[in-house]
Every structure is written in structure tokens, then in C-alpha cells.
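Everything on this sheet refers to the single structure shown next.
The values are calculated or read from the model by the stated rules, or taken from the named source; none is laboratory data. Bear in mind the structure is a predicted one, so any value in this text is a computation, not a measurement. Every residue, glycine among them, receives a Cβ derived from its backbone with ideal geometry; neighbour counts consider all protein chains shown. Please note that ligands, DNA and RNA were not included when accessible areas were found on the heavy atoms of the full protein model with its side chains. Shrake-Rupley method; radii C 1.70, N 1.55, O 1.52, S 1.80 Å.
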Amino acid sequence: MSRRLEELRYEPTEKRVRALLLGAEVVDTTRALLVWEPKRVVPAYAVPIADVRGELVPAPASESAGSWQPPILHPGIAFAEHSTEGRVFDLRTVKATREGVAFAPADPDLAGHVILDHDRFDAWYEEDEQIVGHPRDPFHRVDMRRSSRHVRIERSGELLAESSRATLLFETGLPIRFYLPREDVVLELLPSARHTICPYKGEASYWSFQVAGRVHPDLAWSYEDPLRDATPLTGLVAFYDERVDVVLDGERRSRPRTAVSKALMDEAGITGE
């Protein structure tokens, strides 16, 4: 996996892909590619220039373009940070101009295509279904399994939750997550203003906890109305294992320290405390 992260990769898809901007369809293609720039964890769509409904105008060159090389480009790293050679374009339509939303890699296999900044368009569709967050990775799995194993969640020695009816979530590149019934959480769930989007699960709401007189923000999350594929998670509560202690069947687990989970926590301004 780490070796492949260093490569520019692409994969064709037979899905019809469309993008909307201010109510107008500016991309409509059945010839899209999923592209991973080097160090990019998640893919973006590259589409033939001929299938873009608007004018692609070369953007002014940036001195910093391509010069920054962080260890990993997670979803919180801006699209403008490219890790391969290429040219940046603005998109002009009758209704709007979006600067820097297209990137044409200098790779001959991708000639005639531009990678598009998913977040800078108003909506994306695969066939007739809207997608959120970013395109799904066809090599990324999310498996949910009900389990009777005994799960105990602690923070600073204080019990937060305990259950023998958790749903275990196994997701490519991420630590196992333990989703517990809300009634098995023993401390009060304090609502947080934070929300995030997962293209596989939907919109997550976050919860804080008061432990030993101190509020620990965004320690857990839940999917109140998940996407169809993740309905088994509805209303269940998962904790950042990086910030709590998990005891599974009587054995205390080490706190995970994967590159991806660390990057996502850094993005949210969360430390392991």
C-alpha cells in the first residue's frame, strides 16, 4: 500500500458521471477515470476535456505548485496541492468562473483529461444517484459485523461505554472501529457542532464527554441517517480509539497510530491527549 501511494494511478469506470455548478450540468461523461495523484489517499474524477461544458483557461503559474511534499495527502489537504507535474486550469461557464478547479497531469496516459476538484462543484452524480465527500475507491472496503465480544471503553480510567452487542467496522487503511448501542454508553453524550462527511457512510455527528471534570471535545461520533450501505450503523456510537482505551474481551488494546488516522486527527485539530 505504501509503495502504491507514491505512484500516479488511474482506473477506468463505466459509470455515467455528472457534475453540477449553479444548477447547470457542466460535466456529463461515460468516459471518466478515477485518478490517485502520488500520496493521495482518495481518488478524484478525471474526465475528457471534450465532456466539460465550459471553457478551461490556464491558471497563472504558482511558485509553490508541486513543491510541497507532505507524508500523505488526506482528504483535508487542498486539491491545489498537487504531487505530480501538470497544468492548472480555471473553469469558465455562462454562470460562473471557478478558479483552479481542473488539473491536467503531464502523464501521456492521461492526455486529454483533467482531474476535477470534487469540493468546488455543487453536486456530483454517478448515474442518477448523488455522491458525497469524494468518489468511492473501488479497492476500498467497509465491512460491518455484529459481535458478541465484550467491549469496554475507558478514558483516564473512567468507564465511558460497555457492551457485548457492538457492531465492528473494518475499513481499508483504518483501525477497527467499535460501534456501540447508545444505551450502552454510560456517560452523557454532549452534542458537538462538528460534522463530517464520509462517502461510504454519510454525515457524522460528533459527541463530547465530561470526564473527571474536564470536557473532551469530539471524542465520539455517530451516523444518525447514514447512507444506504451503512444503515447497520444508524444511531450507534463510535469512539476515537486514538484517544480512549479499548478493552476487548479483557485485553487492553494499544491505541492505533496509522498515518491516515493521524492525518485525519491533525486535520480536525485533535490530539491524542
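Stretched out fully, how many nm does the piece from R165 to L56 gain, at 0.36 nm a residue minus the Cα gap?
33.9 nm
What part of the accessible area of the chain, given as a whole %, is carbon or sulfur when the probe is 1.4 angstrom?
49
In this label model, V94 and R4 are separated by 4.3 nm, measuring between points 7 Å along each Cα→Cβ vector.
Sequence-distant contacts, meaning Cα pairs under 8 Å at least 6 residues apart, place the relative contact order of the stretch 1-114 at 21 percent. These residues, L233, L8, go from largest to smallest accessible area, 1.4 Å probe, as L8, L233. For V114, the amide hydrogen comes within under 5 Å of the amide hydrogens of V47, I49, counting only partners 5 or more places away or on other chains and with H modelled in the peptide plane. Here's the picture: charge each Lys and Arg Cβ at +1 and each Asp and Glu Cβ at -1 in the chain, and of P108, A161, G173 the one pushed furthest to the positive end of that dipole is A161. Modelled spin labels at L189 and T234, positioned 7 Å past Cα toward Cβ, are 1.4 nm from each other. Over the chain, accessible surface divided per residue gives 51 Å², non-protein components excluded, 1.4 Å probe. Other residues within the sphere of radius under 14 Å centred on the Cβ of L56, judged by their own Cβ, net out at 0 (K and R +1, D and E -1).
In terms of the Cα gyration tensor, with a ≥ b ≥ c the square roots of its eigenvalues, is the stretch 16-141 rounded because a/c is under 1.5, prolate because a/b exceeds b/c, or oblate? Taking the square roots of the gyration eigenvalues as a ≥ b ≥ c, the stretch 16-141 is oblate. Can you bin the stretch 106-263 into rounded, prolate or oblate? Criterion: square roots of the alpha carbon gyration tensor eigenvalues sorted a ≥ b ≥ c, rounded for a/c under 1.5, prolate for a/b above b/c, oblate for the rest. Verdict is prolate for the stretch 106-263. Here P(r) over Cα pairs in 5 Å bins from 0, in percent was computed from the coordinates, and among (i) 1, 5, 11, 15, 16, 14, 12, 9, 8, 5, 3, 1, 0; (ii) 1, 5, 11, 15, 16, 15, 11, 6, 5, 4, 4, 3, 2, 1, 1, 0, 0, 0; (iii) 1, 5, 11, 16, 18, 19, 16, 10, 4, 1, 0 the match is (i).
The GNM of the chain, with springs linking C-alpha atoms under 10 angstrom apart, assigns the highest mean-square fluctuation among D28, D249, D109 to D109.
Here is how the number arises for the chain: DSSP H runs of 4 or more residues each give -39500 (n - 2.57), the sum is divided by the residue count, and the result at 222 nm is -1000 deg cm²/dmol.
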